[in-house]
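*Asks:* To start, I am sharing the structure in question, which I have written as structure tokens.
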Ligand SMILES: Nc1ncnc2c1ncn2[C@@H]1O[C@H](COP(=O)(O)OP(=O)(O)O)[C@@H](O)[C@H]1O
Ligand SMILES: [Mg+2]
């Protein structure tokens, strides 16, 4: 669906290269995440992919057409949520969506349907001016969906949201995936990346040195040991033993028979650990 080859970009009058020779592909129906710290180049990449920035080198193929050769039809097929909510503050939530829907030929949803997905239906007729940050972020998110696009771009969709709102967004993204949508998202949150993405790319200083499935990466870089918690009456005793053949371990077997094994935890690395290990930087 998306094929990026040796993409480079430098902002006008800037000496620093914002995107440095990155290549990746996103298949139809996949959630692909860019994980990286602030300033890594995630937003710049999204802006390049959706055509907000020009004068790049390398290639950006979306729907088998080079980005610079896309016709206006392209915008009917993609949906975008920017990292800052861009909404009409003087209009209500419903009016915002109705107006945005009117820009598209392919308007598929009623505003109410989308507001309901992100629990904003009770707020449908309130002015966005009075919305909290979380409400604006949720409205900004569904704003991308009015025309039922095939490919979605979400820039830090749950950044700064409380856990309840973050979960609403997460569930909405999974629902879009189940409908077969292709999703590109950027995040600096490893939990978001781990839970949502089929594949992640680590972005740092404009480069993309690592691409992989989050679970595969965690297993590949994790320690080959497991942590076992044994019930000791008042306390829990924790022991770390090799993963290989752990079920043959005599103590483990004895405790298992006595029904005293309370938890078994594989010691996979987190994406943050791997990010630090492979890039030398924190998220
Ligand atoms: N409009 C701009 N003009 C010049 N430099 C910019 C502009 N926007 C971003 N940058 C620079 O490009 C780099 C990548 O930024 P950005 O893509 O926003 O990173 P991220 O989204 O990963 O936080 C940073 O060094 C940033 O300072
Ligand atoms: Mg950004």
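Laboratory data are not the source of any read-out in this text; all were calculated from the coordinates shown. Bear in mind that the values here come from a model prediction, so they are computed numbers and not experimental data. No Cβ is skipped: glycine too gets one built from the backbone with ideal geometry, and neighbour counts run over all protein chains shown.
*Asks:* Sorted from largest down, what three extents in whole angstroms do the Cα atoms of segment 6-145 have along their principal axes?
*Replies:* Principal-axis extents of the Cα atoms in segment 6-145, largest first: 46, 31, 27 Å.
*Asks:* May I pose another question? I'd like the distance between the alpha-carbon centres of segment 1-49 and segment 69-109, rounded to an integer number of Å.
*Replies:* First find each Cα centre; the distance between them is then 23 Å.
*Asks:* For segment 23-89, what class follows from the C-alpha gyration tensor (a ≥ b ≥ c being the square roots of its eigenvalues): rounded when a/c is under 1.5, otherwise prolate if a/b is larger than b/c, else oblate? Display every interim value, and only then the final one.
*Replies:* On the way: a/c = 1.41, a/b = 1.13, b/c = 1.25.
Judged from the Cα gyration tensor, segment 23-89 comes out rounded (a/c under 1.5).
*Asks:* Testing the spin-label approximation: label points 7 Å from Cα along Cα→Cβ at residue 72 and residue 126. State their distance in nm.
*Replies:* 3.7 nm
*Asks:* How high is the relative contact order of the chain, in percent, with contacts defined as C-alpha pairs under 8 Å that are six or more residues apart?
*Replies:* 21 percent
*Asks:* Continuing with this model, one more query. What's the extension gain from residue 195 to residue 174 if we count 0.36 nm per residue and subtract their Cα-Cα distance? Intermediate values should be presented prior to the final figure.
*Replies:* Details: separation 21, 0.36 × 21 = 7.56 nm, distance 0.98 nm.
Additional length available on full extension: 6.6 nm.
*Asks:* Going by C-beta contacts inside 10 Å, put 234, 155 in order with the fewest on the left.
*Replies:* Working: 234 5, 155 22.
Going from least to most buried by this count: 234, 155.
*Asks:* Sticking with this structure for a sec: From the P(r) of segment 223-267, can you give the percent of Cα pairs sitting at distances over 12 Å? Could you put the intermediate results ahead of the total?
*Replies:* Values: 555 of 990 pairs.
Cα-Cα pairs in segment 223-267 separated by more than 12 Å: 56 percent.
*Asks:* So what is the relative contact order for segment 137-187, in percent, with contacts set as C-alpha pairs under 8 Å and at least six apart?
*Replies:* Computed value for segment 137-187: 50 percent relative contact order.
*Asks:* Which one, 51, 41, 206, has the greatest fluctuation when you compute a Gaussian network model over the chain with C-alpha springs under 10 angstrom?
*Replies:* 51
*Asks:* Oh, and also: So what are the radius of gyration and Dmax for the Cα set of segment 117-195, in Å?
*Replies:* Looking at segment 117-195, its Cα Rg and Dmax stand at 12.5, 36 Å.
*Asks:* Same structure again: Please build a GNM for the chain, connecting alpha carbons under 10 Å apart, and tell me which residue among 119, 140, 247 fluctuates the most.
*Replies:* Among 119, 140, 247, the largest mean-square fluctuation in the Gaussian network model of the chain belongs to 247.
*Asks:* Suppose R0 equals 35 Å. What FRET efficiency, 1/(1 + (r/R0)^6) with r the Cβ-Cβ distance, do residue 54 and residue 164 give to the nearest 0.05?
*Replies:* 0.35
*Asks:* In a Gaussian network model over the chain where Cα atoms closer than 10 Å are linked, find which of 50, 31, 240 has the largest mean-square fluctuation.
*Replies:* Result for the chain, Cα springs under 10 Å: 240 fluctuates most.
*Asks:* Residue 231 versus residue 113, label points 7 Å from Cα toward the beta carbon: distance in nm?
*Replies:* Simple spin-label model gives 5.0 nm for this pair.
*Asks:* Okay, next question. Between residue 84 and residue 264, 0.36 nm times their residue separation minus their Cα-Cα distance comes to what?
*Replies:* Using 0.36 nm per residue and subtracting the Cα-Cα distance, I get 60.6 nm.
*Asks:* Summarise the long-distance tail of P(r) for the chain by giving the % of C-alpha pairs beyond 31 Å. Walk me through the numbers on the way to the answer.
*Replies:* Numbers: 15497 of 39903 pairs.
Looking at the chain, the distances longer than 31 Å represent 39 percent of pairs.
*Asks:* Could I ask something else about it? Relative to the first principal axis of the alpha-carbon coordinates of the chain, what is the inclination of helix 93-102, with its axis defined by its Cα atoms, in degrees from 0 to 90 and to the nearest 10?
*Replies:* For helix 93-102, the angle is close to 60 degrees.
*Asks:* At a 10 Å Cβ-Cβ cut-off, how would you order 135, 267, fewest neighbours first?
*Replies:* 267, 135
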